[in-house]
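One structure is given here, and the rest of the page talks about it.
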Amino acid sequence: MYFPDWNGWQLVITIFLILIAYDQFSYIKNKGSIVGPMFKIPFMGPFISALYPKFEEYLAQWASGPLSCISVFHKFVVLASDRDIAHKVFKSPTYAEPCLVPIAKDIIGTSAWVFLTGKVHAEYRRGLTGLFTNKALSVYLPVQEKVYTDYFDKFVAASKANGLKPMGFMGHFREINCALSCRTFFGDYISQDAVTRIADDFYLVTAALELVNVPFSIHVPFTKTWRGKRIADTVLAEFTKCAAACKANMESGAEPTCIVDEWVLHMMESKNYNSRIAAGEEGVEKPTNLIREFTNEEIGQTMFTFLFASQDASSSATTWLFQILAQRPDVLGRVREENLAVRNGDRNRPFKLSMFESMTYTNAVIKELLRYRPPVIFVPYLAKKSFPLTSTYTVPKGAMVIPSCYPALHDAEAYPNPDVFDPERWITGDAESKTKNWLVFGAGPHDCLARKYVPLTMAAMIGKAALEVDWVHHATRRSEEIRVFATLFPMDECPLVFTTRM
Ligand code: HEM
């Protein structure tokens, strides 16, 4: 025996102290030359504050240095606030890959395409980019227009039912975006009941995917993750059913009206092309998007990943857009004027892609909104192997490395007075030329598929709202305080009153 005189307690305490020392030692080793607390709170690190993230704490962390770190339990996390380092993380797929929380695979499904990397990811993604071309985006505008009409009526009715007293509209903005996604993805294949149900429940999926979760909670009834998983399964089943209905309809020669129609059409064109080539025909025109066949389950799951990617970010952008434009009648007035002008004075004229392209001011407002309140403030990545990030610092294998979007978008050198909402910087200023700072949609092989879709839908929504409804923001002392719930929201949930515009 090495410790003949030790009792059990002495042994336990010694092992415990050795573990604490090991935990501190590996933290200090991983930290190397970058900024971070000198010591770690034993084992758990700043776990409690990670459970309730505060925006001010992120600001402080970014300000602490271009690279900084924390360690929560066994996870070592490196935050990159520097724009160029962030680009390096986004664009080094051999060293780092996007890293959703571990529970995401249980909720979305391990086979979902977003978990692919390298060549297979690029190949899958190539087929999907065909669904976001200008031509395809134009196809989706009519179903989207109907969603705006329905939901603006609902907003007005909700305010009326509330006696024209202010009420938080954040939940309503989540709903309109969920409906917008469901209709854009599935057109009329999805029932209004299903849209309303998904819109009501989807925030439970977001809640389940919080950065920090209690292990195994997915199997424990009535926990957040358990509820999130059940909702996700129901949504997936509904989406798979819609995919089957779409295939049957498109086989009958229908015109595409939504994303799955476009996707299935591309599959049909590709199948036709392949069989003609196989039959030895020559001079057959190759389809622009040559893809394989996808099963109903794959289609359902891919649309689920779109809904998941879009829901929080789009709801955040919508909330700030309505809040800020209500506070800035000068800006709203110009948006209204421009939208009426492109419709030749007829406010009922449906929105077209060509209108969007000609609306300089509305475009500037959307870009400024996305810069001023970027919905995605950072994107977690995982170091697949030791990742030499700078000449003096290498991210250890297995660590999380988080490129930040917010600091680049609030960099005073690129955007003078960055904390002022100023659409003019995109018209008379040089904001447009600061392409390296434009990290709203990430960068590199996993950047957002919807970087054109988002400004288009936001412009369509706010243009129509400006023409058809009036809304008043009842600011509270918490309106400018930022709540982090996956993305950024005003702490007071955006109290508004909507009325019909005469
Ligand atoms: C305001 C709205 C949105 C913002 C700010 C936003 C931003 C982002 C960001 C920052 C990323 C990570 C990029 C990276 O790792 O480099 C991302 C990825 C993604 N986004 Fe968006 N997004 C928005 C809306 C949408 C919508 C509406 C869709 C689909 C219809 C969508 C689909 C995706 C997909 C599929 C990915 C993952 C791409 C991949 O892994 O290859 N996003 N988005």
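Remarks
- Size descriptors for region 340-450 (Cα atoms only): Rg and Dmax, in that order, 18.5, 61 Å.
- In region 1-61, chymotrypsin sites (Phe, Trp or Tyr not before Pro) in a DSSP loop with at most 15 other beta-carbon atoms within 10 Å: Tyr2, Trp6, Phe39, Phe43
- Extension reserve of the Lys119-Met491 stretch, reckoned as 0.36 nm per residue once the Cα distance is removed: 129.8 nm
- Descending semi-axes in whole angstrom, ellipsoid equivalent of region 459-502, from the Cα gyration tensor: 24, 14, 6
- In this structure the amide hydrogen of Phe43, modeled in the peptide plane, comes within under 5 Å of no amide hydrogen from residues 5 or more places off or on another chain.
- Placing a label point 7 Å from the Cα of Val220 along the Cα-to-Cβ direction, the residues of region 72-111 whose backbone N falls under 16 Å of that point are 103.
- Here the contact order of the chain, divided by its residue count and restricted to Cα pairs under 8 Å and six or more residues apart, works out to 22 percent.
- Pairwise Cα distances in region 395-451 exceed 15 Å for 58 percent of all pairs.
- Peptides ranked, highest mean first, by Cβ atoms within 10 Å: ranges 93-99, 29-35: 93-99, 29-35
- Given charges at Cβ of Lys, Arg, Asp, Glu: region 406-466 dipole, positive-most of Ala431, Phe441, Leu409: Phe441
- Percent breakdown of C-alpha pair distances by 10 Å bin, ordered from the shortest bin, for region 1-67: 17, 34, 27, 14, 8, 1
- Cys69 long-range amide H proximity, modeled H, under 5 Å: Val35, Gly36, Leu79
- Loop-resident sites, region 191-290, for chymotrypsin sites (Phe, Trp or Tyr not before Pro), counting at most 14 other Cβ within 10 Å (DSSP): Phe216, Phe222
- Other-chain or far-sequence residues with amide H under 5 Å of Thr487's (modelled H): none
- Of the cross-linked pairs Lys105/Lys352; Lys29/Lys436; Lys146/Lys271; Lys91/Lys271; Lys247/Lys286, those separated by over 27 Å at the C-alpha level are Lys105/Lys352; Lys29/Lys436; Lys146/Lys271; Lys91/Lys271.
- Aspartates and glutamates whose Cα lies under 15 Å from that of Lys241, excluding same-chain neighbours fewer than 8 positions away: Asp188, Asp193, Asp233, Asp261, Glu297, Glu298
- Of the GluC sites (Glu not before Pro) in region 290-341, those whose Cβ has at most 12 other Cβ within 10 Å and which sit in DSSP loop: Glu293
- Once the Cα gyration tensor of the chain is diagonalised, semi-axes √(5λ) in Å: 41, 30, 24
- Ranked by the mean number of other Cβ atoms within 10 Å of their residues, highest first, the peptides 133-144, 363-374, 426-437 fall in the order 363-374, 133-144, 426-437.
- Taken about its Cα centre, region 74-500 carries a charge dipole of roughly 780 debye when the Cβ of each Lys and Arg holds +1 and the Cβ of each Asp and Glu holds -1.
- Computed with the Debye formula from one identical point scatterer per Cα of region 249-336, without solvent, the log10 of I(q)/I(0) at q = 0.15, 0.23, 0.24 Å⁻¹ comes to -0.75, -1.11, -1.16.
Where a number appears in this text, it was derived from the coordinates with a stated rule and is not lab data. Everything numeric in this text was worked out from a predicted model, so none of it was measured. Ideal geometry is used to build each Cβ from the backbone, glycine not excepted, and the neighbour counts take in all protein chains shown.
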